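Step one of this worksheet: look at the structure below.
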Amino acid sequence: MSTAVLAILSSICFAGSVVSVYRGSLRADVSLGLLISIFFGVPFFAVLALAFGQLRVLSVEAWFLFGVAGVVHFLLGRAFNYAAIREIGASRSGVVSAASPLVSVALAVSLLGEHIGLLLAVGGGLAISGPIILAWQQRGGTIADAATLR
């Protein structure tokens, strides 16, 4: 399967999750939703990892780093995301979450020493400009205000 197809499928899955969380948060507290999503998600992935023999090839360092990623993503990331979806809705939360690639690039450069090429810089600028424009328009500003950061 091509990387573009995988990225599109990932986007569809994350978008479906956001909509499901919002609908669920109308009926129950988001902390309960967090517990339920982890309760179902973690065992599902553990079974898949065991079935494909992935757990035995991990070093101690990999276990630690993936453990940190699990706490940051599954626990903290989901808790903040679910609360944001509950407070501002699925569409607005999705727009704000669109800054994730920019944050990922900043962390990769600062923590991993990765370098940004011209195409990545242009693509990142285009990816973040949409949410900025939408955020300013939602508060009554114009595209010109967004361009000048007013």
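Between the entries (1) 65; (2) 31; (3) 45, the label attached to percent of Cα pairs over 25 Å apart calculated for this structure is (3).
What part of the accessible area of region 71-136, given as a whole %, is carbon or sulfur when the probe is 1.4 angstrom? Mind showing how you got there, number by number?
Details: 3260 of 4340 Å².
The nonpolar share, carbon plus sulfur, comes to 75 percent.
Based on C-alpha pairs under 8 angstrom that are at least 6 apart in sequence, the chain has a relative contact order of 23 percent. Its DSSP H runs of at least 4 residues, each contributing -39,500 (n - 2.57), put the calculated 222 nm mean residue ellipticity of the chain at -24500 deg cm²/dmol, to the nearest 500. Relative to the current alpha-carbon distance between Glu61 and Glu87, full extension at 0.36 nm per residue lengthens the span by 5.6 nm. Sites listed here are chymotrypsin sites (Phe, Trp or Tyr not before Pro) in region 52-114 whose DSSP assignment is loop and whose Cβ has at most 10 other Cβ atoms within 10 Å: Phe52.
Each Lys and Arg adds +1 at its Cβ and each Asp and Glu adds -1 at its Cβ; summed about the Cα centre, the chain shows a dipole of about 340 debye. Rounded to whole numbers, the Karplus 3J(HN,Hα) couplings from phi for region 83-93 are 5, 5, 4, 5, 7, 10, x, 5, 5, 5, 4 Hz, using 6.51 cos²θ - 1.76 cosθ + 1.60 with θ = phi - 60°, and x at Gly and Pro. In plain terms, the chain from Leu119 to Ala49 could stretch by 21.7 nm, reckoned as 0.36 nm per residue minus the Cα-Cα distance.
The values are calculated or read from the model by the stated rules, or taken from the named source; none is laboratory data. Bear in mind that the values here come from a model prediction, so they are computed numbers and not experimental data. A quick note on method: Cβ atoms are made from the backbone with ideal geometry, for glycine too, and the neighbour counts reach across all protein chains shown. Please note that ligands, DNA and RNA were not included when accessible areas were found on the heavy atoms of the full protein model with its side chains. Shrake-Rupley method; radii C 1.70, N 1.55, O 1.52, S 1.80 Å.
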